[in-house]
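S.K.: Below: one structure in structure tokens.
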Amino acid sequence: MKIRQFGLRLLGVSALMVSGSLYAGQVSGMTTFTPGTTAYASEVNDNFSEQTTQINDNDTRITANATAIQNNTTAIAETGMKVTVLNVSCPSSVSVTTAYTKIATIGSFAKVQDDTKLNIVFSGRLAVATMTGTGVIFELRIDDAATTLGRIRGSVKSAEIGISGVPVTMEGFFSGLTAGPHTVSMYARATSGGATGVQYDTGCWSTDSVIIKEVK
């Protein structure tokens with residue numbers, strides 16, 4: 001068999017291997033062959049070597065991801081719960097009206113299964129510097145949407161304004177969220193008039209947290 005024929009046959013197999021590996025990662029440094037020219041064995045071997053490196057790398061990453069997913073799924077199956085804890089960092093304060101305004105995104109987490117519910121708890125301090133109405137309502141949201149199972153809210157009344165803030169625990173449930181990445185955020189609105197200096201984790205003491213429990 002001539003080298004050119006051998007090289008072209010290997011090239012056909014090579015193309016199939018590349019098309020499969022591209023779904024998981026990128027293959028670079030490949031030699032491009034031109035029809036009618038000689039394909040040298042060293043060039044073909046280099047192509048296979050590059051593919052092997054990338055395929056092995058993809059296999060390592062896919063295996064690690066599959067293991068992590070399996071561990072989380074197994075935890076839910078065995079204990080009925082997966083827990084994620086977000087350490088809250090203080091955001092810049094905002095001014096609000098009677099319409100809900102986003103203060104900040106607190107953090108992100110990954111949901112493991114489609115058919116589970118989320119029990120979410122915020123524990124920390126809420127603060128308002130000034131207000132013209134009777135109070136400010138804070139609302140915890142996922143993916144910038146409020147829960148449809150009741151409500152997850154806390155409040156600061158006019159008699160409680162100040163930079164020290166008010167200790168609050170906000171808890172509730174979310175359902176109907178698909179498996180995959182999601183974000184947790186805090187919103188607020190004035191009951192009437194407006195308010196300034198609206199924030200959570202006042203003083204930036206890093207004592208606030210959000211606990212997310214994925215449950216059956």
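S.K.: So which of Ser164, Ser123 ends up being assigned to a strand (DSSP E or B) and under 24 Å from the mean Cα position of the chain (by Cα)? Talk me through it step by step, then tell me what you get.
M.R.: Values: Ser164 fails: under 24 Å from the mean Cα position of the chain (by Cα).
Exactly one residue qualifies, and that residue is Ser123.
S.K.: Can I ask one more? How about region 87-129: which of its residues are in contact with a His (Cβ under 7 Å, 6 or more places away or on another chain) and either over 20 Å from Leu177 (Cβ atoms) or hydrophobic (A, V, I, L, M, F, W, C) (or both)?
M.R.: Correct list: Phe109 only.
S.K.: Which members of region 109-141 meet the condition of being aliphatic (A, V, I, L, M), surrounded by 20 or more Cβ atoms within 10 Å (Cβ to Cβ) and out of contact with any Asp or Glu (no Cβ under 8 Å at 6 or more places or on another chain)?
M.R.: Of everything in region 109-141, those that are aliphatic (A, V, I, L, M), surrounded by 20 or more Cβ atoms within 10 Å (Cβ to Cβ) and out of contact with any Asp or Glu (no Cβ under 8 Å at 6 or more places or on another chain) turn out to be Leu126, Ala127, Met131, Val136, Leu140.
S.K.: Given Ala195, Ala146, which one is modelled with pLDDT of 95 or more, small (Gly, Ala, Ser) and over 15 Å from Val94 (Cβ atoms)? Give the derivation first.
M.R.: Numbers: Ala195 fails: over 15 Å from Val94 (Cβ atoms).
Answer to the selection: Ala146.
S.K.: Sticking with this one: If you take the residues in region 187-205 that are farther than 13 Å from Val128 by Cβ and under 23 Å from the mean Cα position of the chain (by Cα), which one is surrounded by the fewest Cβ atoms within 10 Å (Cβ to Cβ)?
M.R.: Filtering region 187-205 down to residues farther than 13 Å from Val128 by Cβ leaves 187, 192, 201, 203-205.
Of the ones still in play, those that are also under 23 Å from the mean Cα position of the chain (by Cα) are 187, 201.
Values: Tyr187: 21, Asp201: 23.
The residue in question is Tyr187.
S.K.: Among what's in region 82-97 and is more than 14 Å from Val210 (Cβ to Cβ) and among the hydroxyl-bearing types (Ser, Thr, Tyr), pick the residue that is surrounded by the fewest Cβ atoms within 10 Å (Cβ to Cβ). Give the derivation first.
M.R.: Restricting attention to region 82-97, the residues satisfying the condition of being more than 14 Å from Val210 (Cβ to Cβ) are 82, 92-97.
In the following step, the residues that additionally are among the hydroxyl-bearing types (Ser, Thr, Tyr) were identified as 92-93, 95, 97.
On the way: Ser92: 7, Ser93: 19, Ser95: 14, Thr97: 13.
Residue satisfying both the conditions and the ranking: Ser92.
S.K.: Something else about it: Which of the residues that make up region 118-139 are under 22 Å from Ser192 (Cβ atoms) and in contact with a Phe, Trp or Tyr (Cβ under 8 Å, 6 or more places away or on another chain)?
M.R.: Kept after step one, since they are under 22 Å from Ser192 (Cβ atoms), are these residues of region 118-139: 126-139.
Scanning region 118-139 gives Leu126, Ala127, Phe138, Glu139.
S.K.: Here is a follow-up. For a quick check of your reading of the model, give me the residue pairs whose first member lies in region 84-96 and is in contact (Cβ under 8 Å) with a residue 60 or more places away in the chain, whose second is part of a loop (DSSP other than H, G, I, E, B) and buried (at least 17 other Cβ atoms within 10 Å of the Cβ), with beta-carbon atoms closer than 6 Å and at least 6 apart or on different chains.
M.R.: From residues that are in contact (Cβ under 8 Å) with a residue 60 or more places away in the chain, the pairs are Val88/Asp201; Val88/Asp208; Cys90/Asp201.
S.K.: Being within 29 Å of the chain's Cα centre (by Cα) and among the polar types (S, T, N, Q), is that true of even one residue in region 127-146?
M.R.: no
The values are calculated or read from the model by the stated rules, or taken from the named source; none is laboratory data. All values derive from a computational prediction rather than experimental measurement. Positions of Cβ are backbone-derived with ideal geometry, glycine not excepted, and every protein chain shown enters the neighbour counts.
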